[in-house]
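Down below is the structure, laid out as C-alpha cells.
The values are calculated or read from the model by the stated rules, or taken from the named source; none is laboratory data. Please read these numbers as outputs of a predicted model, since none were measured by experiment. Because the Cβ atoms are built from the backbone with ideal geometry, glycine has one as well, and the counts that use them run over all protein chains shown. Just the protein is used for accessible areas: all its heavy atoms, side chains included, with ligands, DNA and RNA removed. Shrake-Rupley method; radii C 1.70, N 1.55, O 1.52, S 1.80 Å.
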Amino acid sequence: MNEPLNRKLRMALVGGGQGSFIGRVHSIAACLDNRAVVTAGALSSNPERAKASAPDYGIDDARAYTSYQEMLDAELKLPADERIDFVSITTPNHVHFEVAEAAVKAGFNVVCDKPMTYDLAQAEQLLETVKNSDVVFALSHNYTGYPMIRQAREMILSGELGEINAIRSQYIQGWLVEAMEHQESKQAAWRTDPSKSGAAGAFGDIATHAYNLGRYMTGLLPDQVSCHLKTFVDGRRLDDYGTAIITYENGALGTLTASQVTHGRENDFEIEIDGTKGSLKWRQENPNEMIVRHNGKPHQIYTRDPKAAHINAMGRAACRIPAGHPEAFFEAFANVYNAAFDDMAKRACGETFERRDSVYTNCYDGVEGMFFIQQCVASSQENAAWVPLRHEAARK
C-alpha cells in the first residue's frame, strides 16, 4: 500500500459531478488497487451540484467544496497527515490549466485528463510551473496503460520489429453522427464548443490519443504533419472527421484518421506498426490480443497472459489477473495511476524520481499533444500544407 508510506494516498477530484463520464472513470481507476481513496472534491462549477454529487463518491460534506480554489485553500490549512496528496482534474478542457497550475503551485501532485490544456501557450506555461516544482504530474492517456501496449512498447524499443517504417492509427466513433450538442447531451455540448474544447473537435478529443500512442509505442520523434479536418454535421463549429500524414525524423511515415460521425462505430481505436523485421496490430475493442506478423511465418496472436514466456516485463507488470479474464479500460487507467503513485510515494519520502521519461504520460507529453492539435489545425487551414511537428518538449 504505497510503500514505504504504508497508507492510501488521499485523492481530490475536480469535476466529475452528476452527468460526468470521465470523473467516475478516474475515481474508479485510482482506487482500483487499494492505493488511493477519494477524500475531497470540487465536483462541479455549480455549488449546489457540487455538494449534491459528493455522496456519490463517499466524500464527507465537510470536504465537498464548491470551488477548486476553496478546496486548495482549505486543504493546505489541514495537518499534513490529513490533507490530500493529489488532485485529479476531470473537467472540460478550458478549465484544466487554471486548476492544474493552482494545484502545482500549492504543492499538490496532479493527474490531469487529456488534452492537458485549452491551447499550446497554456501547456507551455504549465510545463514551466511543473519544472519549477517537485510535484508528480501525470496525464491520463489511458491507452498507454493496456498490458499489450506495454508489451508492444518494450518489443519495439528493444528492436524486435527492427527499424520502424510506418505507424497507421485510426480512432473511429459514431456517437456524434447527429447533432447531439442540441439534444441536451452534456458530453456533446462542451466537446463541440470551441470556447470549452479548444481549437479542435474530434482531433482534440480522440486523435490526440492516436498520435500519442504511436509516439509512446515507438519513441519515434516527429518531423512534419499534413492534415485535413472536416465538419460533416451542419452547424457544428468544430471538426468531426480528419486525416493526417506524419513524417518522422528517422524517415518513417504515419497516417492517422479520426472520426466521430461514422455510423455504427463505437470506440474503435486501432494501431499498426511496421518494422523491417516484423509488424504488429492492436485494437482497443479487443485489447487482450495483439497480432504479430513476419513474412513467411504463421501469424502470431499474443494474448494477455502474465505467466506466458512470450510476455515481457512491461506487459506482465501491467496485468492483474490470469489469462482469459479480460482486463480493459478501467485497468489501463489504473496502470497510469499506479505508475504515478509510485512516484508520489517516492516524493513523499524525499526520494528522487524521473520527471521527464516516466512510464506514465506526463506534462511533456501534454505540451506535445497541444502542439499536435495546433499544428493540425494550422495545416488544415492552409489546405493540408506541411507544417513542423517537432516540439522541443518532445521525449522518446
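If you scan region 109-128, which residues turn out to be over 22 Å from residue 347 (Cα atoms), in contact (Cβ under 8 Å) with a residue 60 or more places away in the chain and not in a loop (DSSP other than H, G, I, E, B)?
Matches in region 109-128: 120, 122, 123, 124.
If we keep just the residues of region 95-121 that are open to solvent by 20 Å² or more (accessible area, probe 1.4 Å), of a type in the set (A, V, I, L, M, F, W, C) and within 19 Å of residue 11 (Cβ to Cβ), which is nearest to the chain's Cα centre (by Cα)?
95
Those residues that are in contact with an Asp or Glu (Cβ under 6 Å, 6 or more places away or on another chain) and surrounded by fewer than 11 Cβ atoms within 10 Å (Cβ to Cβ), I need them from region 285-306; list them, please.
The one that is in contact with an Asp or Glu (Cβ under 6 Å, 6 or more places away or on another chain) and surrounded by fewer than 11 Cβ atoms within 10 Å (Cβ to Cβ): 301.
How many of the residues making up region 38-57 are open to solvent by 60 Å² or more (accessible area, probe 1.4 Å) and either of a type outside the set (S, T, N, Q) or without any contact (Cβ under 8 Å) to a residue 12 or more places away in the chain (or both)?
Matching residues across region 38-57 total 6.
Filtering region 129-140 down to residues that are in a helix (DSSP H, G or I) and either open to solvent by less than 20 Å² (accessible area, probe 1.4 Å) or β-branched (Val, Ile, Thr) (or both), which residue is nearest to residue 357 (Cα to Cα)?
Checking each candidate, the answer is 130.
Could you please give the count of residues in region 155-173 that are open to solvent by 10 Å² or more (accessible area, probe 1.4 Å) and in a loop (DSSP other than H, G, I, E, B)?
Going through region 155-173 one residue at a time, the tally reaches 6.
If I go through region 360-393 residue by residue, how many of them are surrounded by fewer than 22 Cβ atoms within 10 Å (Cβ to Cβ) and part of a loop (DSSP other than H, G, I, E, B)?
Matching residues across region 360-393 total 9.
Consider region 60-73. How many of its residues are crowded, with 16+ Cβ neighbours inside 10 Å and either in contact (Cβ under 8 Å) with a residue 40 or more places away in the chain or not in a loop (DSSP other than H, G, I, E, B) (or both)?
So the answer is 5.
Residue by residue through region 224-233, note down the ones that are in contact (Cβ under 8 Å) with a residue 40 or more places away in the chain and part of a loop (DSSP other than H, G, I, E, B).
Within region 224-233, 233 is the sole residue that qualifies.
Give 306, 322, 287 a once-over and let me know the one that is farther than 22 Å from residue 156 by Cα and either outside any helix (DSSP H, G or I) or modelled with pLDDT under 95 (or both).
Result of the check over 306, 322, 287: 322.
Can you name the residue in region 337-354 that is in a loop (DSSP other than H, G, I, E, B) and touching a residue at least 40 places away in the same chain (Cβ under 8 Å) and, of all such residues, is surrounded by the most Cβ atoms within 10 Å (Cβ to Cβ)?
353
Those residues that are open to solvent by 20 Å² or more (accessible area, probe 1.4 Å) and either in contact with a helix residue (DSSP H, G or I) (Cβ under 7 Å, 6 or more places away or on another chain) or within 25 Å of residue 186 (Cα to Cα) (or both), I need them from region 74-90; list them, please.
83, 85
Would you please list the contacts, defined by Cβ atoms under 7 Å and residues six or more apart or on different chains, that run from a residue in region 195-223 that is in contact (Cβ under 8 Å) with a residue 60 or more places away in the chain and within 17 Å of residue 391 (Cα to Cα) to a residue that is among the basic types (Lys, Arg) and surrounded by 22 or more Cβ atoms within 10 Å (Cβ to Cβ)?
Taking only residues 6 or more apart or on different chains, the pairs are 208/114.
Please list, ordered by first then second residue, the pairs with beta carbon atoms under 9 Å, 6 or more apart or interchain, first in region 9-21 and under 21 Å from residue 338 (Cβ atoms) and open to solvent by less than 10 Å² (accessible area, probe 1.4 Å), second assigned to a loop (DSSP other than H, G, I, E, B) and acidic (Asp, Glu).
9/85; 11/85; 12/85
Give me the pairs: first residue in region 377-396 and within 19 Å of residue 257 (Cα to Cα), second residue among the hydroxyl-bearing types (Ser, Thr, Tyr) and surrounded by 15 or more Cβ atoms within 10 Å (Cβ to Cβ), beta-carbon distance under 7 Å, and six or more apart or on different chains, which are they?
What qualifies is 379/226; 384/226; 385/226; 385/379; 386/226; 387/379.
Being farther than 15 Å from residue 150 by Cβ and among the charged types (D, E, K, R) is the filter; apply it to region 213-233 and report the residue that is surrounded by the fewest Cβ atoms within 10 Å (Cβ to Cβ).
The selected residue is 230.
Can you give me the number of residues within region 251-281 that are β-branched (Val, Ile, Thr) and not in a loop (DSSP other than H, G, I, E, B)?
Qualifying residue count, region 251-281: 4.
Anything in region 234-250 that is open to solvent by 40 Å² or more (accessible area, probe 1.4 Å) and either touching a residue at least 60 places away in the same chain (Cβ under 8 Å) or not in a loop (DSSP other than H, G, I, E, B) (or both)? List them, or say none.
241, 243, 245, 249, 250
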